[in-house]
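In what follows, a structure is listed as structure tokens, so that the remarks can point back to it.
Every number here is computed from the coordinates shown, using simple stated rules; none is lab data. Note that the structure is predicted; figures quoted are calculated from it, not measured. Methodologically, a virtual Cβ is constructed for each residue, glycine included, from the backbone with ideal geometry; neighbour enumeration extends over all protein chains shown.
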Amino acid sequence: MRRELGDAYVDRLRALYADRIPGQSDLCCYWFEKARAHIAAGKCKRAGLLATQGIRGGANREVLKRIKDTGGIFWAESDRPWILDGATVHVSMIGFDDGTEKTSTLDGKPVPRINVNLTAAADTVQAVSIPRNRAFSFLGNCKGGAFDITDAEALDLLAAAGNPNGRPNSDVIRPVANSEDLLKTRVPRWLIDSADLPLATFSLYEKPSSIAIERVKPKRDQNRDRWLRENWWRPQRMRPEMRNAVATLSRFMVTPTTAKHRTFIWLSPPMLPDHQLIVFARSDDYFFGILHSRFHEVWALAQGTQLREKESGFRYTPTTCFETFPFPEAHPEHAAVITVAVKELHTLRENWLNPPDWTRTETLEFPGTVGGPWDRYIVSGSAHPLPIPDSRLPIPVLIGTVRYPRLVPRDADCAARLKDRTLTKLYNARPAWLSDCHARLDAAVAAAYGWPADLTDDAILERLLALNLERAGG
């Protein structure tokens, strides 16, 4: 909006509608609110408007809630192709009134009602956050600048010595994962991560800070946000709660914010998940299995925001898709069956993605600070005091030898073949063994809920919504 309309116009528009339309809403929402207000004031009886199909989800959906509060939606096309300047986009078309129309038509079919997410099944928009879920999900790190470095640069920095504070660069170098890496490209990525260090401290890591000065600072200096300008060496959003929650775990779960297939992947510290990933601070297979089941996928699809056409996938958000999701109250025997099913899925999937005959383990060796981001990989007995003692610290800083194992292709031919072994391609093809694994997992999760395994999507949504409202009320 700002690029097309300018900052002044957008700021005035949002200020005018601040009490009615969330600030991050699409432009079309303001027209819906304007029409709703005309109907509510008796200036017209009904209106019909075309919108981006994203109006069904997230902040955009709030205007449809207001329409339902003062009237009703009587007709809608939830997802319709639309040719615009030669390109096919997907839109939603919505007819609404003051509530006098008693019949409803959705996607060409008569329905008893049309919900604000433009569905006619269980109205999952009613779902509320379940308190026990809130402690586990987080947004990933948002770097907000060109802090990325190549694999070769990272290895050079990790091996380099000579900082005036005597500390290793590994204090501020982390491997990083984003959705593109996990789903498609398989490229190793690294990040200069100053976290919350003061500038005076970060500058003592000479080579990393020099790279940040060259690549990050010029653009940060032009940023409209004062904090970003004054804290140019820091991540835009470092997500301290997320970092603390996963720091002591042997592994944690992530899922892409947007994806065609809803997949969940294990990562391990010090890997830093970026803002394209939703992070779950749990390391147990039971939790992984529930979220990777059809029951959670159906719920998340209803609660998320569709991207374009259905085939493109949807946007997953912690607040709507996860915090509202009611887990089964599983007995130990159910948890054990789910654990067996999900371990089989994970093992077979990893063997397909990284065939042992095509990969080998490479161990990177470099200095690391005891208690720092690489602590778990420091060789026992290798620690020694910092060459330059820091009198400001109550205990001496110890530096040890990090040995960090990672999977790499065995040779150039294997590297070329591995490019085709991605999660997206696997789930596009969905071979029989993968479908069988998911079917066994779904049956195990259904048993944990005490439900039949062959429920329709609508039936799943109705049962999960009832369970959500029961849990939230309790």
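Numbers below:
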item: Sequence-separation-based contact order of the chain, relative, with Cα cut under 8 Å and 6+ spacing, percent; result: 15 percent
item: Rounded to whole Hz, the Karplus (6.51, -1.76, 1.60) HN-Hα couplings of segment 107-122, x for glycine and proline; result: 6, x, 10, x, 9, x, 6, 10, 7, 5, 8, 6, 10, 10, 8, 3
item: In Hz, Karplus ³J(HN,Hα) per residue of segment 248-265 (6.51, -1.76, 1.60; θ = phi - 60°; x = Gly, Pro); result: 9, 7, 6, 7, 8, 9, 9, 9, x, 5, 10, 6, 6, 10, 7, 10, 10, 9
item: Backbone N under 16 Å from the T319 label point (7 Å along Cα→Cβ), restricted to segment 456-474; result: none
item: Under-5 Å amide H pairs with T105, H placed in peptide plane, nonlocal only; result: W75, A76, V111
item: Cross-link reach list, lysines versus K219, counting only Cα pairs under 29 Å and skipping chain neighbours closer than eight places; result: K143, K184, K207
item: Charge dipole (segment 2-120, unit charges on Cβ, about Cα centre) - positive-most of Y9, C44, W75; result: C44
item: Simple label model, 7 Å out from Cα along Cβ direction - D156 to E206, nm; result: 1.5 nm
item: Lysine pairs meeting the criterion (Cα under 16 Å, 8 or more apart or interchain), as found in segment 2-120; result: 7
item: Förster-model FRET efficiency, 41 Å R0, V340 and E462, C-beta, rounded to 0.05; result: 0.90
item: DSSP-loop trypsin sites (Lys or Arg not before Pro) across segment 216-290, with at most 13 other Cβ within 10 angstrom; result: R224
item: Paramagnetic label zone (point 7 Å from Cα along Cα-to-C-beta, T185; backbone N under 17 Å) in segment 420-453; result: 420-425
item: Loop-resident sites, segment 1-110, for trypsin sites (Lys or Arg not before Pro), counting at most 15 other Cβ within 10 Å (DSSP); result: K43, K45, K102
item: Sequence-distant residues sharing a close amide H with I173 (under 5 Å, placed H); result: D193
item: Efficiency of FRET between N223 and R134 - r from beta-carbon atoms, R0 30 angstrom, step 0.05; result: 0.45
item: Span from the segment 192-266 Cα centroid across to the segment 330-355 one, whole angstrom; result: 33 Å
item: Global geometry of segment 2-120, whether rounded, prolate or oblate, following the gyration tensor of its Cα atoms and the 1.5 cut on a/c; result: oblate
item: Estimated [θ] at 222 nm from DSSP helical runs (n ≥ 4, -39500 (n - 2.57)) normalised by residues in the chain, nearest 500; result: -10000 deg cm²/dmol
item: Sites A8 and K260 - FRET efficiency at Förster radius 35 Å, r taken between beta-carbons, to 0.05; result: 0.35
item: Contact order relative to length of segment 2-120, as percent, for alpha carbon pairs under 8 angstrom and 6 or more apart; result: 23 percent
item: Cα gyration tensor shape for segment 130-221, rounded if a/c is under 1.5, else prolate or oblate; result: prolate
